[in-house]
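Below you'll find the structure, written out as structure tokens, and then a few comments.
The values are calculated or read from the model by the stated rules, or taken from the named source; none is laboratory data. Since the model is a prediction, treat every value here as computed from it, not as a measurement. A quick note on method: Cβ atoms are made from the backbone with ideal geometry, for glycine too, and the neighbour counts reach across all protein chains shown. Accessible surface is based on the protein model in full, side chains and every heavy atom, while ligands, DNA and RNA are left aside. Shrake-Rupley method; radii C 1.70, N 1.55, O 1.52, S 1.80 Å.
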Amino acid sequence: ICKTIWLYRVLNTLVIMLIVTFGLSFYYTFRAANTENQQQALEYDRLSGLFFPLVERYEFFSAQNISTLLQQDKRKTETLKRRQVANLALSRIDTAVSKMSANAEIYHTKAEIIQEMQGSISTVSKFYEKSLLLDPYQLMVRDEYARYLIINKQYKKALSVLWGAWGLLNNEFYQNGVMFLNFQLRLNKVYGKPEDNLIILNEIQRLSKL
């Protein structure tokens, strides 16, 4: 009987500890999602991961923050400091990949970091495509990827990326869809098939009526 009581108390203690730690983790995750201060959000995510290790978001948000800083750096020149910052971002995003390998946003962030490091087109493309494979509904990521390809004179591939969104432009995404299709129409008029212009225009008109 004494052993049963002891086990019961141990189990109760474990359950209470799990509830408390999960509650604290949820609290800090909630605070991170509802603060506009990026540095504070990172700290909340770190605390969330401490209380509940399955919440593995710190490295991802940290890498996102560093990537944003790199993009805002107007110098765009290759310096030792810039390289060190970019390598730190890559290190953190690789850790995030190992923990959340099915998260599409991680691969998008990695593509952006490698762009800032002047990485090869094939490497950047690999991570954009991985992100879109995991979540093809990311119209803004698809648009960003297509524009990156255009900058690098990959016009046919850019059109292919834009065509890949067809069938995903439903009521929920119609506002972004119209903007997306207008961009595709401009590109198609120069590099695509003339007969496709009417198809795209008809789709723009259909979504505009929703």
Just to be sure I understand the filter: pairs with C-beta atoms under 7 Å, separated by 6 or more residues or on different chains, first member in segment 181-210 and over 20 Å from Gln138 (Cβ atoms), second member open to solvent by less than 40 Å² (accessible area, probe 1.4 Å) and of a type in the set (D, E, K, R). Which pairs pass? Asn188/Asp196
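Give me the helices (runs of 4 or more DSSP H) completely within segment 26-145, filtered to those with at least 1 residues that are under 30 Å from Asn182 (Cβ atoms), at pLDDT 80 or above and open to solvent by 80 Å² or more (accessible area, probe 1.4 Å), ordered by residue number.
Working: elements: 38-51, 58-72, 80-99, 104-116, 121-134.
It comes to 104-116, 121-134.
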Given the conditions (1) modelled with pLDDT of 85 or more; (2) surrounded by 15 or more Cβ atoms within 10 Å (Cβ to Cβ); (3) of a type outside the set (S, T, N, Q); (4) over 22 Å from Ile199 (Cα atoms), every one holds for Ile151 apart from (2)
Residue identified as β-branched (Val, Ile, Thr), under 22 Å from Arg92 (Cβ atoms) and without any contact (Cβ under 8 Å) to a residue 24 or more places away in the chain among Thr109, Thr123: Thr123
Could you please tell me which pairs satisfy a Cβ distance under 7 Å, a separation of 6+ or placement on different chains, a first residue in segment 85-98 that is farther than 13 Å from Asn65 by Cα, and a second residue that is assigned to a helix (DSSP H, G or I) and open to solvent by less than 70 Å² (accessible area, probe 1.4 Å)? Thr95/Glu59; Ala96/Glu59; Ala96/Phe60; Ala96/Ala63; Ala96/Ile106; Val97/Ile106
